[in-house]
């Protein structure tokens with residue numbers, strides 16, 4: 001049993017290690033993470049991708065799960081991929097927009 | 001948490017992501033990366049051979065094209081380079097882009113073997129002008145195309161949401177089938193069937209030979225050069241151009257973070273391309289003055305395609321286009337001079353002389369090398385890094401820092417390849433028009449430089465299989481490590 005308490009900030013920090021290799025930006029600043037639910041040592045992440053049919057689909061979802069399981073205090077991780085609402089550049093952080101040159105207009 | 005979470009997402013497609021760290025070289029939909037890679041590497045070898053061949057024999061482009069050497073080199077480029085890469089890429093892209101699963105990887109592996117034997121034998125026999133053996137190796141190629149088409153038709157049958165890209169791919173599969181049938185018929189028409197009487201007792205064989213003789217008699221009704229031109233258009237417009245148009249309606253929005261802007265406009269461009277090609281094939285074959293009308297239909301289709309592509313690009317969210325996309329979009333832009341040339345060459349009162357013969361050479365060169373080759377090189381800069389990245393790094397995501405796709409090759413070399421290709425294209429085009437061996441050889445030298453940059457970059461990309469660049473993340477649990 002793991003005694004470390006997981007925080008949303010720690011989860012986000014871990015997810016910043018998952019990079020979309022086509023755009024060259026981490027999935028947090030890219031705005032792909034919609035929700036994080038922490039129940040004890042289980043973390044559930046709800047996320048999307050920039051487009052349906054994205055060839056990076058499994059790499060990114062699998063990478064999110066690995067990043068979560070690699071976090072101290074996490075014993076179980078679940079990733080849920082959703083398409084609604086669809087991703088839009090307005091969901092990116094300022095850091096992400098600045099790093100990638102993606103525009104919102 | 002952040003602004004996006006306030007939108008209360010509705011779950012529409014939960015994805016089961018296992019906790020296993022088993023090494024994988026495939027996505028759920030696409031095949032093993034080694035399958036498309038073997039086609040792509042074969043295609044690249046054919047490209048380098050073809051350009052080397054043109055440097056050694058510039059007269060192939062600098063003189064009129066109805067001879068065995070031009071036909072051999074054309075098939076090396078069309079089957080060895082373009083078809084190899086396109087087939088490999090389609091095995092990877094069609095399942096991913098259309099959100100389905102490849103029907104059979106085993107069939108695809110068999111198809112590769114038939115394809116390799118078929119195109120190498122065909123090119124060799126065209127060079128020696130042994131049409132009987134061209135027919136035999138062409139039959140092997142027909143088996144290859146048959147397996148390819150069957151596999152993809154079964155794959156398309158599983159597509160959950162039919163769209164303009166799926167329609168274009170389905171039509172292109174029909175046209176490549178027709179291309180190979182037409183090519184075999186032309187080969188049959190050039191054979192001598194003096195052995196038929198000696199086969200009278202072997203009923204099955206004599207029936208086949210009798211059938212081939214009947215095909216030969218039918219094809220002999222048409223002008224031989226016109227039949228060859230009609231056959232070339234089936235592949236150039238029906239297979240390669242239609243695929244470029246259809247696939248880009250999916251990939252350009254994906255790479256530029258944009259969307260298809262007008263589905264009707266996109267569908268109209270694909271429909272007109274098909275209608276124009278039916279008419280072009282028949283009017284070219286029959287040397288009809290009406291071929292300009294159908295050329296205009298195809299040019300109209302390409303104009304509508306350009307209009308939609310421009311709208312997609314204007315709506316894009318990624319301000320900067322990477323060099324691979326610039327290759328592709330420049331190739332699409334080259335459709336404009338190619339279209340103009342097609343209208344000149346279909347002009348009803350155009351005299352047939354040495355100069356217009358060279359314009360026909362230029363048309364074929366601009367089509368297969370200018371447009372299709374440049375577009376495919378651009379897409380290779382997307383596909384090959386992805387295949388290598390997926391094969392090497394996919395299982396390390398989240399556990400280690402891995403390179404992005406753009407880190408896997410030299411952008412400087414890519415830029416050098418871009419400009420040397422365009423210069424090579426311009427110089428070779430000039431050499432073709434002027435019938436100058438020296439200028440053609442110089443232009444092909446520049447194309448070889450561009451091909452060399454591509455080769456170095458492909459080696460750089462594939463070197464990640466041997467030497468992965470993985471930096472473990474600092475936050476890694478002591479009990480869990482990145483998989484070997």
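Per-structure values
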quantity	calculated
Binned Cα-Cα distance frequencies in the protein assembly as shown - 20 Å width, integer %	19, 50, 24, 6, 0
In degrees, nearest ten, helix B:131-156 long axis to first principal axis of chain B (Cα)	40 degrees
Full-extension gain in nm, residue B:124 to residue B:104, via 0.36 nm per residue minus C-alpha separation	4.2 nm
Rounded D (µm²/s) - region B:57-108, Kirkwood Rh over Cα pairs, Stokes-Einstein at 4 °C, 1.567 mPa s	97 µm²/s
Histogram of C-alpha separations across chain B, 10 Å bin width, %	4, 18, 29, 27, 13, 6, 3, 1, 0
Nearest 10 degrees, 0 to 90: helix B:354-365 Cα axis against chain B principal axis	30 degrees
Least to most buried among B:379, B:254, A:66 (fewest other Cβ within 10 Å first)	B:254, B:379, A:66
B:330, B:428, A:100 arranged by Cβ crowding within 10 Å, fewest neighbours leading	B:330, A:100, B:428
Fraction in percent of alpha-carbon pairs per bin - 5 Å, region B:84-226	2, 9, 16, 17, 16, 13, 11, 8, 5, 2, 1, 0
Translational diffusion of chain A, µm² s⁻¹ [Kirkwood Rh, Cα pairs; Stokes-Einstein; 37 °C; 0.692 mPa s]	235 µm²/s
Over chain B: helical MRE at 222 nm, DSSP H runs n ≥ 4 each giving -39500 (n - 2.57), nearest 500	-22500 deg cm²/dmol
Mean Cα-pair separation over length for region B:27-472, i.e. relative contact order, pairs under 8 Å, 6 or more apart, %	17 percent
Which of B:249, B:381 has the fewest Cβ neighbours within 10 Å, and the rest in rising order	B:249, B:381
Estimated 222 nm signal from helices in chain A, with DSSP H stretches of n ≥ 4 weighted -39500 (n - 2.57), rounded to 500	-7500 deg cm²/dmol
Over region B:344-407, equivalent-ellipsoid semi-axes from the Cα gyration tensor in Å	48, 8, 7
C-alpha long axis of helix B:263-285 to longest principal axis of chain B, angle in °	20 degrees
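Taken together, the values in this text are just the output of simple stated rules run on the coordinates, not laboratory data. All of these numbers come straight from a predicted model, not from anything done at the bench. Backbone-built Cβ (ideal geometry, glycine too); neighbour counts: all protein chains shown.
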